[in-house]
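Heads up: the structure comes next, in structure tokens.
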Amino acid sequence: MIPELEPIWKQFAETYSALRQALAEVPDDRLAWRPGPKASTVAWMVQHIARGNIVYSMMALGERGQRWELEERPSRQRLLERLDESEGRVRDAFERMTPEALRQTRADRWGPLGPEVEGPLDALWFALQTVRHSAYHLGQINVYLLLWEGESSR
């Protein structure tokens, strides 16, 4: 792995470790729970993290591929498999990246889920996005855990 990606990989791996710890704290009957009709479930968020990070790693390499569909009620084991798959794909992308490729433009704009980010966006942007994206949704899961903790203390 090139030196420029080593600290990003370290943060990514730490975030995935925290994500797995948070997922371990989610009761089985809460994997598909949502606090409101428009809110996401933990199962959806975990799959979304995994699928999104596969996309980001492919974009960093300038590759395209098929996305797998999100399952409505996957098991905890299935969620862990998805995380393992995405972690492996991100690691593979980081290990294949060259210093020259890191600064190559991979997109002019990016906005699949919200406000469009103006480019040009290089491979480094997509590598960094794997950490930002994972941490953002990990925060949501942690809020759910705090909500449930509050319920049990009543």
> Does segment 96-117 contain at least one residue that is of a type in the set (Asp, Glu) and under 27 Å from Ala18 (Cα atoms)?
Replying inline: no
>> Please verify whether Asp122 is touching a strand residue (DSSP E or B) at 6+ places or on another chain (Cβ under 8 Å), acidic (Asp, Glu) and surrounded by 13 or more Cβ atoms within 10 Å (Cβ to Cβ), treating the condition exactly as stated.
In response: yes
> In segment 45-60, is there at least one residue being without any contact (Cβ under 8 Å) to a residue 40 or more places away in the chain, touching a Leu at 6+ places or on another chain (Cβ under 6 Å) and not aliphatic (A, V, I, L, M)?
Replying inline: yes
> Identify, please: which residue in segment 1-39 is touching a residue at least 60 places away in the same chain (Cβ under 8 Å), within 18 Å of Val143 (Cβ to Cβ) and in a helix (DSSP H, G or I) and is, among those, farthest from the chain's Cα centre (by Cα)?
Replying inline: Arg30
>> For a quick check of your reading of the model, give me the residue pairs whose first member lies in segment 125-154 and is closer than 17 Å to Ala18 by Cβ, whose second is among the aromatic types (Phe, Trp, Tyr), with beta-carbon atoms closer than 8 Å and at least 6 apart or on different chains.
In response: Thr130/Phe12; Thr130/Tyr56; Val131/Phe12; His133/Tyr56; Ser134/Phe12; Ser134/Tyr16; Tyr144/Trp33
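Each value in this text was obtained by applying a stated rule to the coordinates, not by laboratory testing. Small disclaimer: the values here were computed from a predicted structure and weren't measured. Ideal geometry is used to build each Cβ from the backbone, glycine not excepted, and the neighbour counts take in all protein chains shown.
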